[in-house]
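Here the structure comes first, spelled out in structure tokens, and everything after it is commentary.
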Amino acid sequence: ATPMSIMTATGRGAQAGVLIKNAEALERFEKVDTLIVDKTGTLTEGKPRLVSVLPEPGHEEAEVLRLAATLERGSEHPLAEAIVTGAEDRGVALGAASDFQAVTGKGVKGTVDGKSVALGNLALVTELGIEAGAFTEKANARRDEGETVMFVVLEGQVAGLVSVADPVKETTPAALKDLHALGFRIVMATGDNERTAKAVAARLGIDEIRADVLPADKARIIADLQAGGSKVAMAGDGVNDAPALAQADVGIAMGTGADVAIESAGITLVKGNLDGIVRARRLAHATMRNIR
Ligand code: ADP
Ligand code: MG
């Protein structure tokens with residue numbers, strides 16, 4: 001590419017669905033050496049599907065799914081949608097929920113048909129004082145397939161596990177290959193379990209991951225890298241990603257994601273595909289070469 005002005009670069013970016021907020025974002029992006037990518041909704045489609053329902057002895061598949069889906073009707077999380085849709089597809093009738101409570105980065109709690117029910121990850125189960133060691137092997141078998149496993153807790157006991165799978169976006173593998181070739185250090189950050197994260201990362205050739213990350217931790221991970229001298233861009237889509245996008249030298253939001261993420265970002269990828277980052281980097285190089 002030939003050297004170009006900032007206006008030309010932002011104009012070309014916009015035509016290709018890469019919205020660059022201002023000259024500063026473009027300048028900063030040229031210096032970025034480390035790219036943190038959220039997993040769900042950024043590397044993956046963010047549209048998980050229910051894969052398996054694994055009841056514990058004494059419980060039925062339909063019962064476990066009914067409890068999970070009834071509770072998740074109160075949540076807007078993509079995992080919730082997967083479970084509710086999965087229940088509908090399997091013809092499971094939902095019950096009545098009350099006292100619904102979302103536990104950020106962990107899951108949901110509430111009352112279903114008069115009984116206390118919780119649904120979420122190991123951190124949630126541990127928070128409820130439940131010993132979950134006995135389920136590790138069963139859960140790991142699903143995680144090694146890249147699936148996210150959730151525990152369904154009924155009256156203080158695990159009634160079963162449910163797992164969902166979130167397909168990798170079609171454009172992700174090629175974009176990651178280009179980003180590696182451009183010299184970025186790529187780190188996948190996710191609130192998901194380490195085992196699941198590793199399985200997904202391995203398929204994508206990403207060698208660095210930060211898993212079991214709570215939303216607030218993403219910003220801290222970036223601050224630590226910055227303190228070590230790295231220039232960091234963060235690509236994310238969720239409401240939870242907004243603080244990290246703001247902390248990064250350059251925040252990159254998926255246009256398909258939450259409005260607050262877009263507001264916190266210096267670059268927005270309208271189509272929500274990572275190949276937009278490749279384009280942004282090339283535009284940044286071409287522009288800065290001209291200015292220097
Ligand atoms: P990510 O960083 O992958 O976008 P989140 O921080 O939103 O993930 O969630 C982290 C983990 O917390 C999920 O992988 C899941 O195990 C659990 N979790 C969060 N919300 C829910 C929910 N509504 N139902 C079940 N589990 C949930
Ligand atoms: Mg996400």
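Quick note: the coordinates plus some simple rules give every number you see, no bench work behind them. If you're wondering where the values come from, they're calculated on a predicted model, not measured in any experiment. A quick note on method: Cβ atoms are made from the backbone with ideal geometry, for glycine too, and the neighbour counts reach across all protein chains shown.
With +1 on the Cβ of every Lys and Arg and -1 on the Cβ of every Asp and Glu, and nothing else charged, how large is the dipole of the chain about its Cα centre, in debye rounded to the nearest 20? Write down the numbers at each step before the final one.
Details: 32 positive and 40 negative charges, 279 e Å.
The dipole magnitude comes to about 1340 debye.
Work from the charge dipole of the chain (Cβ charges, +1 for Lys and Arg, -1 for Asp and Glu, about the Cα centre) and give the residue of GLY266, THR40, GLN247 farthest towards its positive end.
Among GLY266, THR40, GLN247, the one farthest towards the positive end of the dipole of the chain is GLY266.
Please report, in debye to the nearest 20, how large the charge dipole of the stretch 157-240 is about its Cα centre when each Lys and Arg carries +1 at its beta carbon and each Asp and Glu carries -1 there. Don't jump to the answer; show the numbers that get you there.
On the way: 10 positive and 11 negative charges, 31 e Å.
In debye, rounded to 20, the stretch 157-240 gives about 140.
If r is the Cβ-Cβ distance from GLU127 to GLU27 and R0 is 45 Å, what FRET efficiency results, to the nearest 0.05?
Working: r = 44 Å, r/R0 = 0.97.
FRET efficiency, GLU127 to GLU27: 0.55.
Taking Cα centroids, how far is the stretch 1-63 from the stretch 193-234 in Å?
14 Å
Can you give me the convex hull volume of the Cα atoms of the stretch 49-165, divided per residue and expressed in Å³? Walk me through the numbers before you get to the answer.
On the way: hull volume 10.7 nm³, N = 117.
Taking the convex hull of the Cα positions in the stretch 49-165, it is 91 Å³ per residue.
Would you mind getting me the FRET efficiency between SER116 and GLU61? Use the beta-carbon distance for r and R0 = 22 Å, nearest 0.05.
Values: r = 21 Å, r/R0 = 0.94.
Here the calculated transfer efficiency is 0.60.
On a straight-distance basis, which lysines could pair with LYS177 in a cross-link, Cα separation under 22 angstrom, same-chain partners fewer than 8 positions away excluded?
Qualifying lysines at Cα under 22 Å: LYS31, LYS39, LYS169, LYS198, LYS231, LYS271.
Which residue, GLY107, GLY46, GLY91, has the most motion in a Gaussian network model of the chain that connects Cα atoms within less than 10 Å?
GLY91
How much length is gained if the chain between ALA102 and ALA216 is pulled fully straight, taking 0.36 nm per residue apart and subtracting their Cα-Cα distance, in nm to one decimal?
39.5 nm
Hey, fewest Cβ within 10 Å first, where do LEU43, LEU161 land in order? Show your work: numbers first, answer last.
Values: LEU43 24, LEU161 21.
Exposure proxy ranking, most exposed first: LEU161, LEU43.
Just want to confirm a number: the relative contact order over the chain, from Cα pairs under 8 angstrom separated by 6+ residues, in percent.
On the way: 599 pairs, mean separation 75.9, N = 292.
In percent, rounded to a whole number, it is 26.
If Lys and Arg each add +1 and Asp and Glu each add -1, what is the summed charge of the other residues whose beta carbon sits under 14 Å from the beta carbon of GLU81? Show your work: numbers first, answer last.
On the way: positive: LYS47, ARG49, ARG73; negative: GLU45, GLU72, GLU76, GLU88, ASP89, ASP166.
Result for the neighbourhood of GLU81: -3.
If each DSSP helix of 4+ residues adds -39,500 (n - 2.57) and the sum is divided by the residues in the chain, what number results at 222 nm, nearest 500 deg cm²/dmol?
Numbers: 12 runs with 119 residues, N = 292.
After summing the helix terms and dividing by residue count, I get -12000 deg cm²/dmol.
Simple spin-label model, 7 Å along Cα-to-Cβ: ARG49 to ASP259 in nm?
3.2 nm
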